[in-house]
Each structure stands twice: as structure tokens, then as C-alpha cells.
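The structure appears right after this line, and notes come after that.
Derivation of every value follows stated rules applied to the coordinates shown; laboratory data play no part. All values derive from a computational prediction rather than experimental measurement.
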Amino acid sequence: MSIKPGQFQETILENAFETTIRTERLARFSVPFTAGTAGSARIEADVDFAVCTPENCMPDRRTVAVTLAVQ
């Protein structure tokens with residue numbers, strides 16, 4: 001997972017599983033960051049993952065985004 005640079009310091013998680021909560025239906029990642037300025041900021045992350053069954057895995061990549069109010 002990588003966080004796109006913008007108002008935030010770029011962060012790359014080499015091994016996101018170390019900071020993840022995983023269940024059969026959920027994956028949650030903690031991504032530390034430092035905001036450069038106060039105000040509204042959008043964070044985008046490119047996430048590589050795979051959806052697997054006992055027979056095979058289907059790799060995928062998606063961009064997820066969240067807008068934060070930085071104070």
C-alpha cells in the first residue's frame with residue numbers, strides 16, 4: 001500500500017500485515033501520517049490485494065480515498 005504525496009508525508013507500508021486487523025470479511029490497516037497544514041485534506045492510497053478461494057486467487061489493485069479535517 002502506498003499513500004500518494006500531497007499535504008501529507010509519503011508513506012509506504014512494506015508489510016501491511018504487521019499493522020492489520022484481519023478477519024474472514026474485514027481487513028483494517030493503520031497508516032501513520034503527519035499533516036503539513038491545517039484544513040481539509042484528501043488521502044488516496046493504492047491498495048494491492050487478492051481475493052482467494054481454496055482453488056485460486058484473483059489479484060486486484062484499487063485506489064481508496066478519505067477526506068480528513070486537519071486541525
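Estimated at 0.36 nm per residue, the fully extended path between R61 and F33 surpasses their Cα-Cα distance by 7.9 nm. Annotation: amide H-H contacts under 5 Å for V70 (H modelled 1.01 Å from N, sequence separation of 5 or more, or interchain): G39, S40, A41.
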